[in-house]
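Below is one structure, written out as structure tokens, with a few remarks after it.
Values quoted throughout were computed directly from the atomic coordinates according to the rules given, and no laboratory measurement underlies them. Since the model is a prediction, treat every value here as computed from it, not as a measurement. FYI the Cβ positions are ideal-geometry reconstructions off the backbone, even for glycines, and counts take in every protein chain you see.
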Amino acid sequence: MLYWEKEIETLDRTSLERLQVERLKKTISQACGSDYYGKQYKSKNITPEKINSIKHIQDLPFTTKEDLRSHFPWGFLSIPKKDVVRLHSSSGTTGNPTVIFHNRHDLSSWANLMARSLFTAGVRDTDVFQNIAGYGLFTGGLGFQYGIERLGCLSIPAGAGNSLRQIKLMRDYGTTVAHAIPSYLGRLFDVFKEEGLDPKKDTQLRKLVIGAEPHTEEHRRRIEEMFGVKAYNSFGLSEMNGPGVAFECEEQNGLHIWEDAYIVEIIDPKTFEPVHEGEIGELVMTTLDREAMPLIRYRTRDLTRFLPGTCSCGITHRRIDRIAGRSDDMFILKGCNIFPMQVEGILMKLPEVGEDYRIILEKIGDQDEMIIEVEVKKEWFRGDVNFLDRLQKQIERLIRDEVLVRPIIKLVEFGSIPKSDGKAVRVIDRRN
Amino acid sequence: MAYQVSIFLENKIGHLKQVTSVLKAADINIRSMHLNHTASGWGILNLVVSDPIKASRLLNDKGISTALRKIAALKMVDQPGGLDYLLGSIADAGVNFINAYGRVANDEKSAIFVLDIEDIPDAEMKLKQAGLEILSDHLVYGIKE
């Protein structure tokens with residue numbers, strides 16, 4: 001078993017926790033250099049000396065996205081501005097964006113975590129790695145880029161979109177590994193087919209890396225079938241750098257989250273207490289190796305759980321389950337809490353149904369309704385009304401059994417659901 | 001073996017015209033058509049055209065879902081009772097069909113009754129055994145000799 005950094009990846013839990021405590025003390029000290037934490041910790045009398053065990057993290061207040069937004073732009077900066085070498089920012093179409101600052105050390109640490117993550121998934125410096133992600137403020141582009149280079153692969157900074165060009169790059173340079181968001185890969189596969197090509201035969205792909213949006217296990221398997229290779233789940237968020245926070249190893253059974261770089265807690269978002277072992281809750285994270293802008297007990301709004309036990313790969317850093325959804329993805333219809341991933345899980349089990357779907361919430365008459373637009377794959381269209389009718393009713397039934405609300409299923413023409421090069425928009429709420 | 005082109009369409013303004021403009025550009029003639037519709041906002045358009053293979057391919061290229069379905073085009077007299085008689089023969093042949101549509105023939109005396117036989121096993125054989133005349137492909141497609 002090969003490791004990128006054997007010592008740290010296989011460190012026993014006790015030593016790992018001791019390392020975390022040491023780094024947390026340093027982080028608190030560093031964070032006090034910011035307006036936000038400086039003021040808050042002073043008023044609450046929080047000092048590094050008060051931290052002597054990992055449990056003491058629970059005495060620290062949470063940091064939320066609203067805190068980041070309301071102290072935009074410099075409130076969380078903990079070093080002199082002249083030492084900042086990069087910022088990444090969210091799109092922030094409503095209200096203030098969130099911005100994360102990095103100094104040289106932060107970028108190097110991030111690159112290392114990314115390289116470690118890719119190595120864990122079996123990527124090697126002999127790989128030709130095509131990064132099909134937006135370059136710019138979106139961390140998927142540069143985040144992967146620096147990690148790919150640190151690992152030593154031949155990087156192709158392809159950027160997002162333009163499927164014909166992506167295919168040409170793969171064939172010209174013999175791409176062996178590609179990174180893309182899952183909702184894009186379905187489309188890329190369609191373009192392969194339209195060109196009379198099969199990625200299984202006409203490329204040298206041996207691995208895929210997917211992430212940046214929640215997706216179900218069924219969706220991942222579809223992608224693996226389409227491309228004939230394993231697709232490894234990658235997790236990250238820009239507040240915690242970007243990609244490289246957690247990654248699947250070759251077991252593909254949970255994502256190892258790097259506990260030398262982060263303190264990871266899972267809490268009940270209503271009571272703020274840690275959940276019981278193995279329960280789903282909100283992921284709360286604390287940076288342990290960020291200098292420009294440390295974040296302490298940041299509420300990510302991503303929902304997941306720890307997977308119990310140790311992984312046979314030998315990495316001692318715990319695994320989290322694939323993200324079940326964001327706590328703010330959830331919508332309520334007729335009194336029921338529904339996550340888009342619940343709908344996706346059902347749709348992706350049906351081979352007739354395409355990967356693109358849309359949930360539209362609308363008031364029809366005096367009732368709130370959930371309309372799910374579903375594309376029927378071309379190969380499954382046989383010109384038989386009964387077949388389509390049965391399919392529609394089957395989907396209706398399966399979804400109703402899962403979310404306890406009867407949806408209206410709308411079969412739409414293949415390719416008609418609007419797509420973006422970025423993360424797929426799955427829910428449109430028109431109820432207001 | 002003759003084919004109709006079955007096309008999945010959403011019930012929206014302009015969608016049917018998307019199909020006809022593809023056919024027009026390729027100089028493909030529609031010989032017979034049937035449009036059905038469901039309460040859910042979509043339907044299936046069935047077309048007998050002069051070149052179903054080409055039509056299907058061109059429509060697919062435009063992103064439109066199509067299927068080629070086998071048809072049997074039966075000749076009948078264009079007179080009151082013509083279809084009634086024909087249906088008796090089809091029933092005698094033991095053929096139960098779900099979709100059919102017709103058109104008058106060019107000779108002013110006969111008509112063509114198009115049966116969808118895609119999901120009916122041994123349909124052609126049964127119809128022939130019952131003495132029914134299945135029109136040749138080129139007559140169905142209107143291709144001049």
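Projecting label points 7 angstrom from Cα along Cα→Cβ for residue A:72 and residue B:106 puts them 7.0 nm apart.
Please find the FRET efficiency linking residue A:26 to residue B:10, where r is the Cβ-Cβ separation and R0 is fixed at 45 Å, and quote it to the nearest 0.05. Please report the intermediate quantities before stating the final value.
Details: r = 60 Å, r/R0 = 1.33.
Plugging the Cβ-Cβ distance into 1/(1 + (r/R0)^6) gives 0.15.
Got a sec? Which residues in the range A:47-86 would a label at residue A:271 touch, if it sits 7 Å along Cα→Cβ and we count backbone N under 20 Å? Inside the label zone: A:55-62. Alpha carbon centre of the range A:30-65 versus the range A:105-148: separation in Å? Here the answer is 31 Å between Cα centres. Shielding of peptide B:39-50 by partners, expressed as the average count of other chain Cβ atoms within 10 Å per residue Cβ, is 3. Which entries of B:54/B:126; A:377/B:54; A:393/A:423; A:201/A:423; A:363/A:410 show an alpha-carbon separation above 23 angstrom in the structure shown? Cα-Cα > 23 Å for B:54/B:126; A:393/A:423; A:201/A:423; rest within. Quick check: the distance between the Cα centres of the range A:361-413 and the range A:239-293, to the nearest angstrom? One Cα centre to the other: 36 Å. Each Cα pair under 8 Å and six or more residues apart adds its separation to the average, and for the range A:210-347 the resulting relative contact order is 22 percent.
Within the shell defined by Cβ-Cβ distances under 13 Å, the residues around residue B:44 carry a net charge of -4, with Lys and Arg each +1 and Asp and Glu each -1. Simple point charges give the picture: +1 on the Cβ of Lys and Arg, -1 on the Cβ of Asp and Glu, and for the protein assembly as shown a dipole about the Cα centre of about 1240 debye.
Scan chain B and hand back the longest stretch that contains none of the trypsin sites (Lys or Arg not before Pro) lying in DSSP loops with at most 13 other Cβ atoms within 10 Å.
Working: sites that count: B:12, B:62, B:109, B:144.
Segment B:13-61 is the longest.
Nearest-5 percent of antiparallel DSSP beta bridges in chain A? All intermediate terms of the calculation are to be shown ahead of the outcome.
Details: 39 of 63 bridges.
Taking every DSSP beta bridge within chain A, about 60 percent pair in antiparallel fashion.
Below 8 Å, C-alpha to C-alpha, sequence gap of six or more: please give me the relative contact order for the range A:369-432 in percent.
Details: 51 pairs, mean separation 29.3, N = 64.
Here the relative contact order equals 46 percent.
Under a 5 Å amide H cut-off, with hydrogens placed 1.01 Å from N, residue A:230 pairs with A:208 among residues at least 5 apart or on other chains.
As a calculated quantity, the FRET efficiency between residue A:397 and residue A:173 at R0 = 35 Å, using C-beta atoms, amounts to about 0.15. Principal-axis analysis of the Cα atoms of chain A puts helix A:385-403 at an angle of about 30° to the longest axis. Rounded to the nearest 10 degrees, what's the angle between the helix A:163-173 long axis and the longest principal axis of chain A, both from Cα atoms, 0 to 90? That helix lies at roughly 70 degrees to the long axis.
For residue A:213 and residue B:57, what is the calculated FRET efficiency with R₀ set at 22 Å and r taken between the beta-carbons, to the nearest 0.05?
Details: r = 34 Å, r/R0 = 1.57.
Step by step, r from the Cβ atoms, then E = 0.05.
What is the fewest-to-most order of A:19, A:388 by other Cβ atoms lying within 10 Å of their Cβ? Show your work: numbers first, answer last.
Details: A:19 15, A:388 22.
Listed from fewest to most nearby Cβ atoms, that is A:19, A:388.
Taking the C-alpha atoms only, the angle from helix A:13-31 to the longest principal axis of chain A is near 80 degrees. With a simple spin-label model that places each label point 7 Å from the Cα along the Cα-to-Cβ direction, the separation between residue A:50 and residue A:193 comes to 5.9 nm.
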